[in-house]
């Protein structure tokens, strides 16, 4: 799975995710990527793209939950994403997310996740493991 | 407040011993895609354009599980999926079951912008892609030798695998013992 989230200087947010799915998946299987609120979501608070075991991401409504936790608990993007990823059984999910204020987070509970990010203040990161 | 971008190329059981011939192309791909996204944001492109542009680049990179390099179904076919969403309007588009569309993410955006619907799948999605003039190719374009091997190993173990999965040690032959970051057996 691949994905990207972005926010501009005006706080406009967008999320995109694309995938081939699981190796040896049944023909006709739908994963989390195209399910709004599971593998992909964006609203006025944040944009989220997830990766991992689709069935668990769908059950966890992972991407929407990040936005909901921000909205209803009033916490930061980083706290919300960490909480949601922590609710999924270990070894099954990762996500990238940005907030309308330019906050970035890339939590995962797998061994690694191929990921990269950058912000306007000059910070950038390319990483695989913790 | 300023612009920000984040992207991923999949998660899983990626061993710390990942060989450089498998790690470096992926890191280079991430760096390239990040640069593409940064340039687009600096050029004041809308985030919808930015994420579509970046995901297209990732889809075209054969080392990631999307577009060219997509993993295979039990039948040895590709069935690609994609989704795009705009935060301000909550407009979104999604597609599933694609086997010939080069960039699934662009079809998802076309669904968002040119239909009254959110989600198209399989034959209907393929027909819509042709109607809209999106680039299509023979399904063999998406299939890599590595993914044929991964499917074979997954079927031998009767397992499905996420993007990166270490081999099951008890079922690994001695010659296969070095983790390479790709799904091997499950």
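Here are the numbers:
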quantity: The stretch B:9-43 - residue that is at the interface with another protein chain (Cβ under 7 Å from one of its Cβ atoms) and farther than 30 Å from residue A:91 by Cβ and, of those, surrounded by the fewest Cβ atoms within 10 Å (Cβ to Cβ); calculated: B:38
quantity: When residues of the stretch B:88-100 are limited to those that are touching a residue at least 12 places away in the same chain (Cβ under 8 Å) and more than 17 Å from the chain's Cα centre (by Cα), the one nearest to the other protein chains (Cβ to nearest Cβ); calculated: B:92
quantity: Filter result for residue A:82 (more than 10 Å from chain B (Cβ to nearest Cβ) and either over 24 Å from residue B:166 (Cβ atoms) or not in a helix (DSSP H, G or I) (or both)); calculated: yes
quantity: Output for the stretch A:18-59, where each listed residue is more than 21 Å from residue B:147 (Cβ to Cβ), touching a helix residue (DSSP H, G or I) at 6+ places or on another chain (Cβ under 7 Å) and more than 7 Å from every other protein chain (Cβ to nearest Cβ); calculated: A:35, A:37, A:38, A:45, A:46, A:48, A:50
quantity: Scope the stretch A:88-103; condition in contact with a strand residue (DSSP E or B) (Cβ under 9 Å, 6 or more places away or on another chain) and more than 22 Å from residue B:50 (Cβ to Cβ); matching residues; calculated: A:88, A:91, A:92, A:93
quantity: Hits in the stretch B:21-79 - residues which are farther than 30 Å from residue A:44 by Cα, in a helix (DSSP H, G or I) and either in contact with a helix residue (DSSP H, G or I) (Cβ under 9 Å, 6 or more places away or on another chain) or at pLDDT 95 or above (or both); calculated: B:23, B:24, B:25, B:26, B:27, B:28
quantity: Selection count where residues are more than 13 Å from the chain's Cα centre (by Cα) and in contact (Cβ under 8 Å) with a residue 60 or more places away in the chain, scope the stretch B:32-72; calculated: 1
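The values are calculated or read from the model by the stated rules, or taken from the named source; none is laboratory data. Since we're looking at a predicted model, the values are computed, not measured. For neighbour counting, all protein chains shown are included, and Cβ atoms are generated from backbone atoms with ideal geometry for every residue, glycine included.
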